[in-house]
Amino acid sequence: MHRTGQFFFDKHFEEWGIGSGHFSFLLCLYRQEGISQDVISKRLHVDKATTARAIAKLETLGYIIREEDPTDRRAYLIKLTPQGKQLEPKIKDVLKAWAGLITEDLSPEEQDLAYQLLSNMAEKALAVKKLCYGPKADNNA
């Protein structure tokens, strides 16, 4: 299902120059912009190198900018450009379309149950990751 979703997202995001690996970074910034790459990495549970590559790509495309963090000159705060903000409803429409397609044969109750079960399994997967990596869990994808 994950791989098929990637194909779906790649196809629909292609016109904006982003792939399935980039939209989650934009979604993170739609929730809260002006955060550091380190915070983004932790929220998305990806390593810092993955975040750096995605941020560089999104910056090249003109969707985000990096501004020096006034409290830490070694760090940058990531902010959306007007062009990046304009993508938000389009990206969310694609996500809704995907969710609708994969759940169209489920009743509303089954959809709610599926969402709850997947959420529980995702939380458990993060707990297992912490068991495996200990305090370094946030630094390992």
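Since every read-out is calculated from the coordinates, none of them should be taken as a lab result. Because the structure is a prediction, the values reported are computed rather than measured. Heads up, the Cβs are rebuilt from the backbone with ideal geometry, glycines too, and the neighbour counts pull from every protein chain shown.
Tabulated data for the structure shown
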read-out: Rg/Rh (Cα only; Kirkwood hydrodynamic radius) as it applies to the chain; value: 1.00
read-out: Fully extended contour minus Cα-Cα distance, from ASP72 to CYS132, at 0.36 nm per residue; value: 18.5 nm
read-out: Eligible aspartates and glutamates near LYS129 by straight Cα distance, threshold 12 Å, same-chain separation 8 or greater; value: ASP138
read-out: Relative contact order [Cα under 8 Å, 6+ residues apart], the range 1-50, whole percent; value: 22
read-out: Residue order, fewest to most surrounding Cβ atoms within 10 angstrom, among CYS28, CYS132; value: CYS132, CYS28
read-out: Reachable lysines from LYS11, criterion Cα separation under 20 angstrom, eight or more residues apart if same chain; value: LYS57, LYS90, LYS92, LYS96
read-out: Relative contact order of the chain, pairs being alpha-carbon contacts under 8 Å that are 6 or more residues apart, as %; value: 25
read-out: For the range 29-78: relative contact order, % (alpha-carbon pairs under 8 angstrom, 6 or more apart); value: 40
read-out: Sum of side-chain charges, GLY19 neighbourhood, beta-carbon under 9 Å (Lys, Arg +1; Asp, Glu -1); value: -1
read-out: Estimated distance in nm for a label pair at GLN6 and GLU110, the labels positioned 7 Å out from Cα along Cα-to-Cβ; value: 2.8
read-out: Per-pair calculated FRET efficiency, R0 = 22 Å: THR50 and ASN120 via Cβ, rounded to 0.05; value: 0.30
